[in-house]
Structure formats: structure tokens, C-alpha cells
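The values are calculated or read from the model by the stated rules, or taken from the named source; none is laboratory data. Note that the structure is a prediction, hence the values are computed from the model and not measured. We place every Cβ from the backbone using ideal geometry, glycine too, and count neighbours over all the protein chains shown.
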Amino acid sequence: MDSEKTEDKMMKGSEIVIKCLKRQGVDLVFAYPGGAAIDLHQALIESGIRVVLPRHEQGGAFAADGYARVSGKVGVCMATSGPGATNLQTGIADCYLDSIPAVFITGQVGSSLIGKNAFQEIDVIGTTRPIVKHSYLIFDVKEIPQVISEAFELAASGRPGPVVIDLPKNVQQQMCIPDFNVTTRLTKKSSPKARPAEIEAIRTAIADSKKPCLYFGGGIISAEASAELLQFMESYNIPTVSTLLGVGAIPYDHPLYLRWLGMHGTTFANYTANECDLLLAFGARFDDRVTGDPRNFATTAKIIHVDIDDSEINKNKFADIGIVANIRDVLIELNKKPLYREYTEWFAQIAGWRKQFPMTFEQKSEAIQPQRVVEMLSELTNGDAIIVPGVGQHQMFAAQYYNFKHPRQLLTSGGLGSMGFGLPAAMGAKAACPDKLVVNIDGDGSFQMNIQELGTIHMEDLPIKIIILNNQHLGMVAQWEDRFYGGRRGNTDLTNHLSNRPYPDFVTIAKGYGIPGREVYKREELEDALKEMLAAPGSFLLDVHTGYEEHVLPMIPAGKDYKSTISR
């Protein structure tokens, strides 16, 4: 915060809110107006803050989420009371489960009407309580500077996450002389640091190990610790696996990196993590998509768990050594005394798993395979694009076959697994990084959940590239039906049975929003179509018809262990 003097003029509460946002460095918000938020939007008109108007509040929430993921800054989203606020909640939950910093500001009915079932009244604080780091309901206009300052600090500090501010309409309209030089009421805590004895305990454990494995998660990216992690890997010569949210922290082609593990991760990564004798868990939380039944995960390993959130230590998996600390600080200390060892036998065993379980797919000549679409996109973009998938099979294919190089390059809904994430999150990423190539890889089911944001990307000049891997099914659920339910379709077939034409016609829909597009049915058309999409000066939609037969493999059935991996 700067030392700007207190304003000497009366201001409306809504004007104070916008002034506070500017003092936080906010230059862009995703906001949808309504009766209880109209004063906020009036205050935004001449503020200098860019307002991106989504076509649905959920789209705005996911856009703020994508903005925060790609930039590392706090995303900001606004909505009105009632349905505006409830429409935000899936996006708020997504930020909460993936530890994404965001501030959500909702209009509320006048304070005298709260609790009386007034028009468009909803208990925003109560309904969001389980999915936020903190929430505020403001009754006094003078509290606004204090609350906004704290909200941004809370969202970005420690383990990042969402904060909600609920602002009654009469408070927005109240007048006062604001005091922006507020003193935080938060208990000041320095970033938790590991004690020297804990750092030495990690080194000792590594020295005693014959088969170490480093397992890292999204905490590495949140802590901006990718460079320190790479130095640690190389100076200690430790094979490394990641979670899905850790993808990008280490280049995919690094020889020590075995890519991501878990249900659809590489089999050799799963074998390495499960058969090591020392598992270094850095900024990861042992979620069920990684461990399956945690009782059967890494059963022979000594476990060292470092996380900034003390609630994660011993929550899902017991740690022999649990350390609450900023992982970047821990890595800096470990890197001061590197301990390089060859681990000849261990690397030979891992090489055997790589050979036995390669990350490949069976090439078929008669159809366009989704894996090949992603693979070709990676080749044509040199692995440099920001990839934003929806949720489903296409999400896993994108994570498996794009050659990621950089942190904050794969933006994906991990913990919540929310369909409809891709298009609006890509919109937010493009707003944050206008000079970078942003590609939304989506499925026909996931894409339709927020298809209306085509209007936003066109009207707000947020050009992104869209690839729909169109299999006319809810592919991931259909895959489970094929594997575990005898192939019986329980409302997962999206085909239009009344005609032979695939439904819907995404290219025509996109053109209705002013966005060009192209359909692809044949393998020989794919490369030219991808090149056309990438060469287009603005947004472009590519509808690639893949068929529904392809399954995401490898696959560990839910609750099973790595030895139950399905490979074909």
C-alpha cells in the first residue's frame, strides 16, 4: 500500500470500493451488473479499470480464475445479489480447491431487508462459507478500505484462495470521507520457515536413501519456486513426478521428470512414486486422484511432506517428517548443500518401467484421434501456447500429449473438475496475457456449459483459439460406462438421433457470434486446419470430429493402486 493521504471529500461507498481496487493495482475486473450492483458499475465507468462483461456470472468467475492462474495476481469478479451471487459459486469453489487467489464482490439487498426474503436476497456469506478462505459482510461504509485491503492480503498470502465481500446496496450509496491509510487487523505472520534441524533431516533422509522420488504439486507454482525446484532436482539427481496442477513447473522433456502421476498419469511415474524408499512431497496434498486408497500408496517409503498449509500435514497420508514452510525457502536452503548421487540401480529400474510402459497410443488410420490432435498442436506451436482445457477426456489428453515447458502454461480445473471451465478461463488468461497464444481445448459437452462466452471473447476483443474434440458423448463418463458398466449408456450420448448430422453445429454457432470456424472429419485435413486456426488474426473455432471410441489410458480405477493400471 502507498502512503496516499486521506481523501478530503465525501465519496459514495461504491466509489470507495473502486478507489480501493485501484490502490491494490487492479486494472481489470470481470463484472456483470444488476440492481444490487448498479452503483459499483456506475463507479467503474470513469475509473480507468477495464471491465470485461461476461455473458454469465459463472463465466466471469472462471475468467477471474484463469486470469489469476496465468498471471499469479489476484483475480477480481463482481456480480449482483441473488442469482448473480449464486451463479458465482462454482467458480469460487474452483478457486478454493485449486488454491487460486481471487476476490469476489457481490451486491446485496439493503441492510434493512437482510433476512426478510427480499427480492434477489440470498445469504451469500452462509452459502459460500465452506468454499472461501474468508468472507465479509459490510454494514458500515467506513469499513470498505479496511475490508478490501485485508481481502487482497488474505487471497494472496499463505495458501492462496478466494475471498468474498458482500456489499449491501445502501452501503454502496452511503457517503463518507474515506480513510485509505488503514492498519490491517490481520495478525501479521511471516511466511512459515523450516528450522535448520528440519532442513538437515531432509538431507539426512536423502543421504540414507537408495531410491528417492520427488513428488511436487501446484504449491511449487504458487510459490514461484520452479527455478529452485529444477536446481534441486539436478543438484541432487532425484527422479521427479508431479500432480496435474504442478504441470509446467518442469519442462516435459527434462530427463529427470517422469511427468504427472495418478489416475491418468504415466505408469512409470506411478511405479516410481510407489516403489521408492523416500518420497519427498513438496507443495502437494496427496489427493485421491494421485493416491487412490492412501493406505496402499507408497507403502515402503519414508515420507517427508512440506506444505505451507499445516492442515495438509498428515491429513490424507501420514508423514514421517511433516514440515510447515514456504517450499521456495526450503528449496533455497537445500540447494546450498547439494548432495548429488548416481542411483545407478534405481535409474535402471525406472528406465525399465519407461520401456515397459511407454506413454504412447495406438495409431489408427481410419479416424482422427484426440491424442494426435493435441500432439500436432504441440508440434505446430513448439510447445509454447497457454493451454486451457475444459474437464473430461480432452482435459487428460491435453495434459498427456502437449509438450509443456513453463509454469502457468496449463490452466485446468483440478480439484473441482468443473465442466464449463475451459472457454471462460481461456478468456481470462487472454485478458491477462494479450500477447500470448491461448488455446482452449474443449469437449463438446464441456464447451456447451459456457458456450455463451463466445459473445464475450468477440465483443471484448479477447481472441483465443478453440479446439473442440467432438465425440458426441460425455466422454469420460462414457469411458467409465464402457469399463465398469458393460457399455450401457446412461444419458452420456449427445448424438442427434433424428438426423445424420452431428449436433450441434458449432461452426455456425461461432459464426453467429462473429467468430470464424471450420469442421474437420478426416485425418488428412487436420494439419491444414490447425495451421488455418493458428494463422487466423483473431479467434477461431475448430470443430474436430474424433469419434467416441478412444479411452484415456493409462487408467487406475478409482480406489485401486498402481498395480491395477489399465493400459489397453
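At a glance:
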| read-out | value |
| --- | --- |
| Per-region count, the range 53-65, residues crowded, with 24+ Cβ neighbours inside 10 Å and not in a helix (DSSP H, G or I) | 1 |
| Options Gly292, Gly322; residue that is among the small types (Gly, Ala, Ser) and within 27 Å of Asn237 (Cβ to Cβ) | Gly322 |
| Residue, farthest from Gly283 (Cα to Cα), within the range 320-345, restricted to residues that are in contact with a strand residue (DSSP E or B) (Cβ under 7 Å, 6 or more places away or on another chain) and in a helix (DSSP H, G or I) | Val330 |
| Among (1) over 30 Å from Lys436 (Cα atoms); (2) modelled with pLDDT of 95 or more; (3) outside any loop (DSSP other than H, G, I, E, B) - the single one Lys563 does not satisfy | (2) |
| Failed item in (1) surrounded by fewer than 17 Cβ atoms within 10 Å (Cβ to Cβ); (2) in contact with a Lys or Arg (Cβ under 9 Å, 6 or more places away or on another chain), with Arg568 passing the rest | (2) |
| Any hit, the range 245-258, residues being in a helix (DSSP H, G or I), crowded, with 24+ Cβ neighbours inside 10 Å and on the phi < 0 side of the Ramachandran plot | yes |
| Test: residue in the range 37-48 that is more than 16 Å from the chain's Cα centre (by Cα), closer than 22 Å to Glu153 by Cβ, assigned to a helix (DSSP H, G or I) and outside the structural domain of Asp288 (by TED's automatic domain parsing) | yes |
| Yes/no for Val290 being closer than 17 Å to Ala273 by Cα, part of a helix (DSSP H, G or I), of a type in the set (A, V, I, L, M, F, W, C) and under 29 Å from the mean Cα position of the chain (by Cα) | yes |
